[in-house]
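Take a look at the structure set out below.
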Amino acid sequence: MKIYLETMGCQMNRLDSELVTGRLLAAGHEITDDRKSADVVLYNTCSVRAHAENKVYSRLGEEARRKGNLKHPPIVGVLGCMVQRQGPALRKRYPCVDIACGPRQLSDLPEMILNAAAGKTTVARDPDRKTARDAFENDPNFDVLDQGRDPCIGPNARAYVRVMRGCDKFCTYCIVPFVRGPEISRKPSAIVEEVRRLVAAGRCEITLLGQTVNSYCHRAGEQTVSFSDLLGRVSDIEGLRRLRFVTSHPIDFGNDILEAMRDLPNICPYVHCPAQSGSDRILKAMGRNYTREQYDDLIDRARAIVPDVVLAGDFIVGFPGESEQDHAASADLIRRSGYKNSFIFKYSPRPGTAGARHLVDDIPAAVKKYRNNELLAVQAEAGLAHHRKLIGRTMEVLVEGPSRRAGKQPKAPANPGHLQLVGRTRGDHIAVFDGPRDLAGQYANIHITGASALTLFGQLR
Ligand code: 5AD
Ligand code: SF4
């Protein structure tokens, strides 16, 4: 069958979609970019903000109409976090859904598709948090989807590797602990083996993934493997050129991790460590378990220990009770940290979280919007200053391919065989330069000649 798979949300979802794609191809299906001609339409969904869910509702509305009009309507499947949050209610609201599959059930998707083709619908939610730890911790099949992965599927030289599932932090605004379940770390040997296979297949830039990746901790009998231990084991793999990890939680960022970043040459000097707010009062209400002073200290330690460290953050504006003073503290934190970039979100109450139960969403939409724009402007200034400091340097990039503007530039590349390419530095900067198309997937050295808030511009060396 021809299958269309659309992915919303975070890197974890992108990885899940890549792993699912491998399973579907292995089961003899075909993947298509054309939703209209597909026999099966799948949405891998996100629940982190209402906006992400609304996008899926609008897609499902379209599918419901198509089902009414077409002679051979496609099988419709909803995957991931929204299924976990809503379960059977989702099918009730959208009877056009044939498959509802929670995040940890994805390995059974090929079977669910066969059942749907035979007229049998599936609603498969993960076990709830209370029983999930027991159900998964000792289950060798816990990471079958990862272990059974085809290492050749995915975008050129880069690959994500999951080191843990779930989250135990329960920040008061966040739905993740409810939809992704308890935090369970994978066995280090399984992670190392997966990276080995990926590197052997030419995927030499690996990003370790976890909702709080640096909280990784694997215990077996007497032996405990911490995140810095894991970094050591993975970085040892022959042929692994670059190793990154996202996303980190400030409270678990010890100097052992920073020292590993300093000492192991293939670990990239990039730290994405969301602050969420610069104000102690709001951090407390968010349940983040650190103070502004502790976060500032982490930034200082990172700068002192890791040469040329590049920082990135996340912020939420308009959290319940956020005053102008609290907001100013977030702006101040962006200036002080000098992030390369920050992801800035308007607070969105998520049903079932402590925030939604106990706090009133009292910041008007217009104020959220203005605070969002203000932080974006402060971040743009910080980002420009950060990128400008790199002008004059020569930096290694992994070339991703033609830029979105390739062929549309006001000035055509000087060399007729060249086009505008985009690549990533070790610090995760986006660099744009002219070069031959076949550089995609390879490493190149770029002399940096210009900068904007989000991009470096340069010339191939
Ligand atoms: N509202 C707005 N932003 C949120 N995030 C998580 N939950 C919410 C919410 N309810 C943001 C956080 C997190 C990022 C992935 O999404 O900044 O780091
Ligand atoms: Fe959500 Fe907090 Fe866990 Fe991050 S650490 S996934 S924000 S609960």
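Every read-out reported here was derived from the displayed coordinates using simple, explicitly stated rules and does not represent laboratory data. Here the structure is a predicted model, which is why all the values come from computation and not from measurement. Glycine gets a Cβ as well: all are built from the backbone with ideal geometry, and neighbour counts include every protein chain shown.
Please list 3J(HN,Hα) in residue order for segment 306-314, calculated via the Karplus relation 6.51 cos²θ - 1.76 cosθ + 1.60 where θ = phi - 60°; whole Hz, with x for glycine and proline.
Karplus-based 3J(HN,Hα) across segment 306-314 equals 9, x, 6, 5, 10, 10, 9, x, 10 Hz.
Hey, got the dipole for the chain? About the Cα centre, +1 on K and R Cβ, -1 on D and E Cβ, debye to the nearest 20?
Roughly 1300 debye, rounded to the nearest 20.
The chain: Rg/Rh from Cα coordinates, Kirkwood Rh?
Values: Rg = 22.6 Å, Rh = 23.6 Å.
Expressed as Rg/Rh, it is 0.96.
So what does log10 I(q)/I(0) come out to for segment 2-126 at q = 0.10, 0.15, 0.16, 0.18 Å⁻¹, using the Debye formula with one equal point on every Cα and no solvent?
Each listed q maps to, in turn, -0.26, -0.60, -0.70, -0.91.
Put +1 on the Cβ of every Lys and Arg and -1 on every Asp and Glu Cβ in the chain; which of 421, 58, 305 then has its Cα farthest towards the positive end of the dipole?
Working it through, the farthest residue towards the positive pole turns out to be 58.
Which Cα, out of 344, 390, 354, lies furthest along the positive dipole direction of segment 316-438 (beta carbon charges, K/R +1, D/E -1)?
So the residue furthest toward the plus end is 390.
What is the Cα centroid distance between segment 7-63 and segment 271-285, reported in whole angstrom?
32 Å
Hey, what do the phi angles of segment 205-222 turn into as Karplus ³J(HN,Hα) couplings, whole Hz, using 6.51/-1.76/1.60 and θ = phi - 60°, x for Gly and Pro?
Rounded to whole hertz, the list is 10, 10, 10, 6, 10, x, 4, 10, 4, 7, 7, 3, 7, 10, 10, 9, x, 7.
Indicate, rounded to the nearest 5 percent, the antiparallel portion of the DSSP beta bridges found entirely in the chain.
Percentage antiparallel, nearest 5: 40.
Quick one: length gained pulling residue 55 to residue 396 fully straight, 0.36 nm per residue minus the C-alpha distance?
Stretched out fully, the residue 55 to residue 396 stretch lengthens by 119.0 nm.
Mean residue ellipticity at 222 nm from the helices of the chain, using -39,500 (n - 2.57) per DSSP H segment of n ≥ 4 over the full residue count, to the nearest 500 deg cm²/dmol? Provide the component values of the computation, followed by the final result.
Numbers: 16 runs with 169 residues, N = 461.
Only helices count here, giving -11000 deg cm²/dmol.
What's the local net charge at residue 169, with K and R +1, D and E -1, over the other residues with C-beta under 11 Å away?
-2
List the residues whose amide H sits under 5 Å from the amide H of residue 270, counting only those 5 or more places along or on another chain, with H placed 1.01 Å from N in the peptide plane.
310
Could you give each residue of segment 262-274 its phi-based ³J(HN,Hα) in whole Hz, using Karplus coefficients 6.51, -1.76, 1.60 with θ = phi - 60°, and x for Gly or Pro?
6, 8, 9, x, 8, 7, 6, x, 10, 10, 9, 9, x
How big is the dipole moment of segment 2-126 about its Cα centre under a simple scheme where the beta carbon of each Lys and Arg is +1, that of each Asp and Glu is -1, and everything else is neutral? Debye, nearest 20, please. Could you put the intermediate results ahead of the total?
Values: 19 positive and 14 negative charges, 109 e Å.
Taking the Cα centre of segment 2-126 as origin, the dipole is about 520 debye.
What do you get for Rg/Rh of segment 70-169 when both radii come from the Cα atoms and Rh is the Kirkwood radius?
Ratio of gyration radius to Kirkwood radius for segment 70-169: 1.01.
Any idea what the dipole of segment 240-388 comes to, in debye rounded to 20, about its Cα centre with Lys/Arg Cβ at +1 and Asp/Glu Cβ at -1? Each step should come with its number before you reach the end.
Values: 20 positive and 19 negative charges, 102 e Å.
Rounded to the nearest 20 debye, it is 480 debye.
Between 430, 412, 402, whose Cα lies farthest towards the positive end of the dipole of segment 394-460 when Lys and Arg beta carbons carry +1 and Asp and Glu beta carbons carry -1, centred on the Cα centre?
Of the listed residues, the answer is 412.
How high is the relative contact order of the chain, given as a whole-number percent (alpha carbon pairs under 8 Å, six or more residues apart)?
Details: 890 pairs, mean separation 43.9, N = 461.
Relative contact order, the chain: 10 percent.
For a quick check: with amide H placed at 1.01 Å from N, whose amide H comes under 5 Å from residue 345's, ignoring anything fewer than 5 positions away on the same chain?
When sequence neighbours closer than 5 places are left aside, the close amide H contacts are 315, 316, 317.
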